[in-house]
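These notes concern the structure reproduced below.
The values are calculated or read from the model by the stated rules, or taken from the named source; none is laboratory data. Bear in mind that the values here come from a model prediction, so they are computed numbers and not experimental data. Please note: Cβ atoms are built from the backbone with ideal geometry, for glycine as well, and neighbour counts cover all protein chains shown.
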Amino acid sequence: MAIERKQWKSAIVIAATAWMAVLFGFAPSEATAEYGDVVMNEYSDEAGMRPVVFPHWFHRIRFRCKVCHADLGFKFQAGGNDINMLKIIDGEYCGACHNGDVAWSVENCDLCHSGKAGTPTQVHESTLQKLIMPAGGAPKK
Ligand code: HEC
Ligand code: HEC
Ligand code: HEC
C-alpha cells in the first residue's frame with residue numbers, strides 16, 4: 001500500500017514536470033508574451049466593485065510559475081479560482097503576497113479593482129501581436 005502510494009505520487013510529479021517542460025522548455029519565447037492581463041469579474045460587478053485586472057506578465061517576471069500555480073494553488077484558468085475578499089484577507093490567493101509584507105496590502109482596493117465595469121472575466125489581449133510587452137506590464141487603459 002505504502003509503495004503503491006509512493007509510485008502514484010512520483011507519477012504525479014513526473015506528469016507535472018512534463019507539463020512544466022511543455023510550458024517553459026519548448027516555447028520560452030511565446031510563453032513570455034502570449035498571455036495578457038487577466039480580468040476577473042466573477043463577483044466584482046455584482047458587488048458594486050470594478051472588475052479586477054491582474055497583470056499576469058508583471059507577476060511572471062518576478063515570481064516562478066510554481067509559486068502561484070503550485071504553492072498558492074491558482075488554477076490555470078481565468079476566473080477558475082473562486083476568489084473573494086474573505087480568502088484574500090485570510091492570506092489566500094492574492095492575499096499571500098498583498099499583505100503589506102511581500103507587496104502592498106489589501107487596503108489599496110483600486111489598484112486591483114481597476115477594470116472597466118461590465119468587462120467579463122477573460123484573458124485580455126491574449127494575442128500573438130503582443131510579442132513585445134513593456135517590462136512594467138501591459139499598458140493601462
Ligand atoms: C503571482 C502569481 C502568478 C504567477 C507567478 C504566475 N501566474 Fe499564471 N495566473 C495567475 C492568476 C491569478 C491567474 C488567473 C486565475 C484566475 O483568474 O482565477 C493565472 C492564469 C494563468 C493561466 C490561464 C490564463 C491564461 O493566460 O491563459 C495560465 C496558462 C497561466 N496562468 C500560466 C502561467 C505561467 C506559465 C507562469 C510562469 C511563467 C505563471 N502563470 C505565473 C497567477 C500567477
Ligand atoms: C507571489 C506574490 C504575489 C501574488 C500571489 C500576487 N501578487 Fe500582485 N504583486 C506582487 C508584487 C511583489 C507586486 C509589486 C509590488 C510593488 O511594486 O510594491 C505586485 C503588484 C501588483 C499590482 C500592481 C502592478 C503594477 O503595474 O504596478 C497589481 C494590480 C497586483 N499586484 C494585483 C494582484 C492580484 C489581483 C493578485 C491575485 C489575483 C495578485 N496581485 C497576486 C506579488 C504578488
Ligand atoms: C490584491 C488585489 C485586491 C485588492 C487590493 C482588493 N481586492 Fe477585492 N477582489 C480581488 C479579487 C481577485 C476578487 C475576485 C474578483 C472577481 O472574480 O470578481 C475580489 C473580489 C471582491 C469583491 C467581490 C467578492 C466578495 O468578496 O464580496 C468585493 C466586494 C471586493 N473585492 C471588495 C474589495 C475592497 C472594498 C477592497 C479594498 C478594501 C478590495 N476588494 C481590495 C482582489 C483584490
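Out of all the residues in segment 72-115, which are exposed (fewer than 12 other Cβ atoms within 10 Å of the Cβ), outside any loop (DSSP other than H, G, I, E, B) and not hydrophobic (A, V, I, L, M, F, W, C)? 110, the sole residue that qualifies. Taking first residues from segment 44-59 that are assigned by TED's automatic domain parsing to the domain that holds residue 98 and surrounded by 21 or more Cβ atoms within 10 Å (Cβ to Cβ) and partners that are at pLDDT below 95 and among the acidic types (Asp, Glu), the Cβ contacts under 6 Å between residues at least 6 apart in sequence or on separate chains come to 53/37. When you look at residue 96, is it within 12 Å of the chain's Cα centre (by Cα) and of a type outside the set (Asp, Glu), yes or no? Criteria not met by residue 96.
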